[in-house]
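Throughout, read-outs are computed from the coordinates displayed, never taken from laboratory work. Everything numeric here is computed off the predicted structure, so don't read it as measured data. Cβ: placed from backbone, ideal geometry, glycine included. Neighbour counts: every protein chain shown.
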């Protein structure tokens, strides 16, 4: 079943609507359900698991967290907060609790944002036992003194951390790496948009007739997931990966952003920047000092994978970030489509980015080979410009480097490269 | 007979007047006649020839083109266009034609420029058999319907391509390379000015008491000429040439220009830029993307000679370019002189650009050697500045590099270099 | 006896008042007296001497100059100039003279500054036998025709050049080098301030519990002193010195300045620039082209020590420079304190500037090690920022390089480095 690029936006937004209500965390049934829904589109996705307690580098896989229900009942007997309404209402990894408690004591377990009184904040406590509720500051301000009945019906038990891995073989063993994370509860841009874009890109890659490179695609919980994955695959990854992209916050329709790798010098930095310069109207470049997601692991010293981050508005740079305001209204079909288009161009660019040498000393006689373009005057000029400069700079450097020299995108010069290669004027090295 | 620099401008402009009327092309009697006139000034110039049909890299030496006369007679019997009046009237390499033809059909063989209605365009068709006439757009607009008698009395036959080569031996086998082209009919700046400046520079070089470097000077037809010359001399040229200059459009008196080499990193790039910065009031730097003359061959990958282009207003950057408006009024004695002066400084700079080392640890005692300058206060400061910095930076780097560091032209530091060398404080390495 | 940083400014200004009146020159009793007063604070200072006539590189140690008195008596018998009032009144190294002389002839031996009519200029003639008087231009303008009785009671005889050297051993044999000069008569900023700051820094260094590096501290006459010192110690200095600072003009309270080393690429360039960027409100960077003091020798080719100059307002950049206006009013306790503080930070920065590697793959779990900061929110952010970036960039580079990447001063990250090192997350290499 062929993937339709034209419907990519629609596909992604509808998948977002489906996945949005699920209560995800770094472990537990929500993440697994999410992976299974993605697998329903990507049959070859392998869902893997790692046991709680397993050591992964400096970390230990945590116990699995399951939550059935949670609520607060006020002194008047009204249920004023219910986990069923919004899974952000409970601090992630809350331990079970079932008691009557004074407002004063309860306050120590409440979270809200005074500056955004209508937003429920997103709070977690993975590695320190704790429990808590999150609510809007408006609601919190109105709480009256008295005894509250509170319930968190959760379990923290030995279990597994789940993640998805899809390897799409290409002609070469060298790999392009794509990563996103599936551990956030009901927030749309950060982070449902990442795994959803990744799903669409995987479908698009599967649909290609041939792939130059092998693609390593992973859906993991953030931080612990990337650390665990690296602890199992680092050697192979260091050997094979030529460029990698962490996808996050890619569903809104504002500007684009990229976060550079630690040393800002990898193929991934260059290709993404190249495509943003040529195809994005507005974009922002961030240095590695502004990192915050799994690039923290992928680029750490000793790991040093050539990975950059691709976003629309970067995490932490928009006010809805990590609150209930990051909902399905914040993302859109158009937002997804823009991200999809840029990333397709990025991957295409990597696929064609070979090194070429000129086979003929001095300029070739183009006329006798019928290589003079014969369209409108302006296009002739442009095509001759590309042609002559491809010949002039094919001295063993890559097409991306040539593109940067001549100021034309690598995808725009692709046809001319094929033409010159066919005519025996240049060849790949 | 010693060449007088003071009269260089006059000499060049009068040579331009003499050469201007000749109908040059890439082959044929006009180019040869031009070479012979140049040889009348430069006795050691060798005029060489290559047979039509000979393969030179990807190209073949074309047949020789000779044209005796050409005209158009209008339906009223008036000769409205005559090759004798302006050799731009006929498309270069026009095949012979002698016929009556309707205006409608004739139009397909006419060339004019609507935006420059008083200019006759310069058009050629070297490698595709064709014929045509060029006229002002004003004239073309007035042509009336009817039968026209047209004549082009030309021949395209096996023959030769001619070029001139002059090797001026120096103390070293390493060469400085100078090139210009002699294939354009009656246009003054592009391109009579180039070979004329080259002739004057050759006379100036011949007149020098001694030359550090050997000079390779060639007068060739553009493109096919440089390709042919390279095909015969590439190995030697790659081995010997340390800097080269293609001279073109050097007779007008507007700004100066340079086109950098392909990778913008050769001695020629550095020296020409240095001299323009110090001696030209206005100049423009162009990247290799703006190339258009024989540098296309000299800098092509695999050839990679250290060649840049020296111009006043660059080809393609002035409105008279490639039209009959590029005539003797566009160039001047002053324009030539300016170009001559810059190029002399460029060549002098290369001649003296040695690497030096300081022979004394710490600053030397200048007083005991009588090396303190004894002129006006301002000059003392300047001379001490040069002296102390020459000593400070003579650590094996070249004078050009030192000049760039201290912001003084290499020719200005020359005397001080000789003084310090004589005093045993620095020496060449 | 512990040195008190708090009283450093007071100590320095009071030492300046004591040293100011002494008539110093490159040799003679004034320089020696100055060294002895400094030694009264720095017991381990060794006062060394070199004989007149000894060859040091291209120079010869000059004879020793002693002057007892000097004056001018005008035609009316009034003593209008007396060396006892200001030692700038006599040209340094004046030969003895005792005669009656016409004003006309005397004029050739008088020095004044028309543009600064109230300033006595500072003039010397070390290497050319001569004599002369310096006075304000106001005074000179009023001199009347007639016979003047003039006396310079001086001697130029074989003797010694004196200098002071202090080696403070550290854990390593590698050295930090500090130099200043003690050859200027009564001028305050240039140059009493340099040796005085150097004395305070030496006291501060002596008072440190431990020193990572060995400190080589010298008090020398300018030019001939540094050349002589280098001629005796160059081999050792080239082997051991990792960074050096020439201190001059450090007592005024205007901006700060630095002069870069010859190639602008040494540790000294980097550390001083780093500290000025972080701790000086205003500072100016000068290239080596603006040099003028002993850095001329320290950085000369073949010597090539990693030395930069530290100043407040640089010599030659303030109007009082080299005149009697450079007096005790120009310098201040505050000016000295500012210089002392910057230089202490520079030396501390060098002491802690080690290279580190991260010992753990991926980010470490900070929580389980209690490494999450627990102060105010803003500080938490800042401390986490430093912590995570120290970990991210500890890939073998130095703390100074890391500081530059993250934009935080090296001294600010020191505590966090120690913490991470103690926790076994990073280690020195």
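The value of relative contact order for chain A, using C-alpha pairs under 8 Å at least six residues apart, is 17 percent. With angles folded into 0 to 90 degrees, how steeply does helix B:8-19 sit against the dominant principal axis of chain B? Use alpha carbons for both and round to 10. Long axis of B:8-19 versus the principal axis of chain B: about 20 degrees.
What shape does the stretch A:146-211 have by the C-alpha gyration tensor, where a ≥ b ≥ c are the square roots of the eigenvalues, rounded means a/c under 1.5, and otherwise prolate means a/b greater than b/c and oblate the rest? Note, shape of the stretch A:146-211 comes out prolate. Counting other Cβ atoms within 10 Å as a rough exposure proxy, the listed residues A:184, B:260, C:278 run C:278, B:260, A:184 from fewest neighbours to most. Fully extending the segment from residue A:341 to residue A:369, taken as 0.36 nm per residue of separation minus the present Cα-Cα distance, adds 6.5 nm. Using the alpha-carbon atoms, what tilt in degrees (0 to 90, nearest 10) does helix A:267-279 show relative to the longest principal axis of chain A? The two axes meet at around 80 degrees.
Across the identical copies, the label point of residue C:53 (7 Å from Cα in the Cβ direction) is separated from its matches by 9.2, 9.2 nm, in order from shortest. Using C-alpha pairs under 8 Å with a sequence gap of at least 6, the mean separation divided by the residue count of the stretch A:256-334 gives a relative contact order of 40 percent. Chain C comes nearest to the axis taking it onto chain A at the Cβ of one residue; that residue and its distance, in whole Å, are C:265, 12. Derived value for the stretch B:188-303: Kirkwood hydrodynamic radius 15.4 Å. Basis is the mean of 1/r over every pair of different alpha-carbon atoms. Dimensions of the stretch B:1-54 along the principal axes, based on C-alpha atoms and rounded to the nearest Å, stand at 45, 25, 12, largest first.
Note on chain C: GNM, Cα springs under 10 Å; of C:54, C:295, C:165, the largest mean-square fluctuation is that of C:54. Give me the distance in nm between label points sitting 7 Å out from Cα along the Cα-to-Cβ direction at residue A:46 and residue B:327, one decimal. Rounded to a tenth, the inter-label distance reads 8.2 nm.
Distances between copies at residue A:153, taken between label points 7 Å from Cα along the C-beta direction, are 11.2, 11.2 nm in increasing order. Taking other Cβ atoms within 10 Å as a rough exposure proxy, C:131, A:65 sort from fewest to most as C:131, A:65. P(r) tail for chain B: Cα pairs beyond 32 Å make up 44% of the total. Shape of the protein assembly as shown from its Cα gyration tensor (a ≥ b ≥ c, root eigenvalues): rounded if a/c is under 1.5, otherwise prolate when a/b > b/c, or oblate? Oblate, since a/c reaches 1.5 and b/c is not below a/b. Distances, shortest first, from the label point of residue B:317 to those at the same position in the other copies read 3.8, 3.8 nm; the point lies 7 Å along Cα to C-beta. Under a Gaussian network description of chain A, with springs only between Cα atoms under 10 Å, the residue in A:366, A:192, A:81 that fluctuates furthest is A:366. Averaged over peptide C:353-364, the number of partner chain Cβ atoms lying within 10 Å of each residue's Cβ comes to 5. A crude spin-label estimate for the pair residue B:125 and residue B:255, with each label 7 Å from Cα along the Cβ direction, gives 3.8 nm. For chain C, the longest principal axis of the alpha carbon atoms and the long axis of helix C:333-352 meet at an angle near 40°. When only alpha carbons are used to place a centre, the stretch B:298-338 and the stretch C:380-429 end up 57 Å from one another.
Take the Cα of residue A:287, step 7 Å toward its Cβ, do the same at residue B:108, and the gap between the two points is 6.6 nm. With the largest listed first and rounded to whole Å, the semi-axes of the equivalent ellipsoid of the stretch B:128-168 from the Cα gyration tensor are 37, 17, 8. Averaging Cα coordinates gives a centre for the stretch A:125-191 and one for the stretch C:200-246; these two points are 60 Å apart. Taking a ≥ b ≥ c as the square roots of the eigenvalues of the Cα gyration tensor of the stretch A:1-140, is the shape rounded (a/c under 1.5), prolate (a/b larger than b/c) or oblate? The shape class here is oblate.
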